[in-house]
Amino acid sequence: MNTVYEKPTVNVHGDLLMVEHITERINSEKDYNKDIIDNIIKNSENSDLSKIRLFKFSEYEKLGFPVWKRAKLNGFDPKNYKKINIKTNLPLINTESAGIEAMEILGVYDFEGADRKFVLMSDAFFNSGFYINGKDYNNKEIVINYDLNENIIENTIIKMPENTNLRIIRIINGTKNDGFKNNVLRGVLEKNSSLTIINVNILGENDINIDNEFFDLKENSSLNIFDLHISGKISSPHIVVRFSEKNAKANIKPYFLGYGNTVTDMLYLMRFYGKDTFGSINGKGVLKDTAKSVFRGFLDLKKGAKEATADESEYTLVLSEKARAEAIPSLLVDENEVNAAHAASVGTINEDKLYYLMTRGFSTEEAKKLISMAIFEPFIDEIEQLHPETAEVIRNVIISKI
Amino acid sequence: MSVLFEIKNLKAKIVEDGRMILNGVNLTINEGEVHAIMGPNGSGKSTLANVIMGSSKYEITEGDILFRGESILGLSTDKRAKLGIFMSFQAPEEINGVKMRQFLMNSYRNIHENDDSTALKISRNITSFAETVSMDNEFLDRYVNTGFSGGEKKKSEILQMGLLNPYITILDEIDSGLDVDALRIVAESINKFKTAQMGVIMITHYQRILNLVEPDFVHVYSNGQIIKTGDFQLAKDIEENGYSIVKELAGLTADGE
């Protein structure tokens, strides 16, 4: 079985050789160790999974936790390890009990994630997560509610067989303390399947949320991701989409609101291999106070991805002089016959719009709030069509925080 | 009939470059009166409207603006709006992400703070005003002015005049960019929406709208000043002879100084 490994920076593009950044790492005395993994395996009946855990652990134990300068992460001390339960609207199979199909996906698909250490943490030590097979939930809607008062280390696998269709809503509710969630999600979309994921990350200002997601798109499959990030000491999505076969389509819509001293550190990577594939990343966000955002969008069109269309845009509205928005769009093209475009910009409140609203009796503050809220409205409207309850939750949170 | 609005020897400069843009404007408006301000392009007519609304792009250096005898110079734009001073924009802003109907509801609540009408009632009023200005209801579900044609934007402004029912209505080139049919609808709506308590300032370049909304006074504006005031006949003279009349008048004042 061939394995697939994706990371944002591929060292060779044509004749160009890139120098890879080496992440500084710090070992933690509280890191999960062999005793913990042995204990997990002792209580597990899934021997295939135990082998995978052990294999991942062999790499895990060699790595310290990363130092992220942009996101101000200086190593990490994991919390006490325990198994947890996560609320879902429909009964789901836990990854711990998943069978051979899921193990194959775990075995084949691997990636670097926001950091390799965190991917391995979820692979070796996951205490929660699901195996979701699209044929068991065809045309249904799965709602998963995560509570960051629990230490969540998730490993979820999604398989979308041919011609299946599924919508998954993942709502993450933060804490007032120092909640932690780390996730690895792998999704394989077979021919003509369709998957929509709505990620609603509503974090507290001291929560850390690292969300590593990897999707492989086969022929004519379609993936839609709505990825909302509100607050968080660090909210770090790392979503990789691999267009491995022709006519696959994916849209990612990252939206974010940062306030206080929060950091939203995003990476979206679309790698195109198949012909006539289509991928777009359209992000928008608002920053207040001393919040910071880093938006990395990678469009990587490989030789052979003829007539692929890749498109990326990002806009951040900055409401405070002390807020910082960084956008790092990159476009890598090895194939000549493609359509690709990218744009990123940072702006402040438009004075003319502000004035127009004020002539209609809105105070400066009210007008600013309205213009900021307007950034999110089209996104919320779209979610409203899919899941009105979630749209309402999002609208209320944003109104109260903006 | 009582004095509603007075502009007294108003002088203002552009904040950005310090250039003088109003050079002593005098204007008195009583309840129920329609005043047309006509002038060639670039004469600063729109600036006068924006100075009245309190735009931060301009700084008043001399003179005063009085609403019911009290100066409004210390008030921010939103406070002026709340007093009942309304301006329709020549090029209304598009605000993507704010629904038109919600924007209109909130604007109404802002301006009529003491009105306890239900949301349903206001919403029905909005629908009915939209019908008056021949605006398809579908536009009310769109984002503010987003994807509206020039004519639809102007109708949306007039709808707001009707809904907000201000005391002073300043229409800044409401006729620009309108075809004959749209012009007729807009003019008819203005006639319907103006009340005996309302004073209207119509800033325009052409006479054509004045044939439909007849002014009580016509002021010729040039170089940041009102240089001549007359009745409707003055607008007709300008239509016949062009703004050469302005040049003559401007010449006269220059000689007089």
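When B:136, B:141 are checked against the criterion of being free of Cβ contacts under 8 Å to residues at least 12 places away in the same chain, surrounded by fewer than 17 Cβ atoms within 10 Å (Cβ to Cβ) and either over 19 Å from the mean Cα position of the chain (by Cα) or away from every other protein chain (no Cβ under 14 Å) (or both), a single residue qualifies: B:136. Only one of the listed residues (A:366, A:312, A:307) is modelled with pLDDT of 95 or more and at positive phi. That residue is A:307. Taking (1) under 16 Å from residue B:159 (Cβ atoms); (2) among the hydrophobic types (A, V, I, L, M, F, W, C); (3) in contact with an Asp or Glu (Cβ under 6 Å, 6 or more places away or on another chain) in turn, residue B:209 satisfies each apart from (1). Annotation note: of A:376, A:362, the sole residue that is part of a helix (DSSP H, G or I) and either away from every other protein chain (no Cβ under 14 Å) or surrounded by 20 or more Cβ atoms within 10 Å (Cβ to Cβ) (or both) is A:376. Considering region B:99-120, the residues that are more than 19 Å from residue B:168 (Cβ to Cβ) and crowded, with 22+ Cβ neighbours inside 10 Å include one that is farthest from the other protein chains (Cβ to nearest Cβ), namely B:100. Check A:337, A:321, A:326 and return the single one that is in a loop (DSSP other than H, G, I, E, B), within 30 Å of residue A:6 (Cα to Cα) and more than 14 Å from every other protein chain (Cβ to nearest Cβ). Going through A:337, A:321, A:326 in turn, just one is in a loop (DSSP other than H, G, I, E, B), within 30 Å of residue A:6 (Cα to Cα) and more than 14 Å from every other protein chain (Cβ to nearest Cβ): A:337. Of the residues making up region A:1-46, those that are modelled with pLDDT of 95 or more and not in a loop (DSSP other than H, G, I, E, B) are A:25, A:26, A:34, A:35, A:36, A:37, A:38, A:39, A:40, A:41, A:42. Of the candidates A:206, A:177, the single residue that is in a loop (DSSP other than H, G, I, E, B), closer than 13 Å to residue A:148 by Cα and touching an Asp or Glu at 6+ places or on another chain (Cβ under 6 Å) is A:206. Exactly one residue out of B:74, B:147 is farther than 30 Å from residue B:181 by Cβ, in a loop (DSSP other than H, G, I, E, B) and small (Gly, Ala, Ser), and it is B:74. Test residue B:23 against the criterion of being away from chain A (no Cβ under 14 Å) and assigned to a strand (DSSP E or B), and give yes or no. Spelling it out, residue B:23 is indeed away from chain A (no Cβ under 14 Å) and assigned to a strand (DSSP E or B).
The values are calculated or read from the model by the stated rules, or taken from the named source; none is laboratory data. This one's a predicted model, so the numbers in the text were calculated from it and none came from an experiment. Note: ideal-geometry Cβ built from the backbone for every residue, glycine included; neighbour counts use all protein chains shown.
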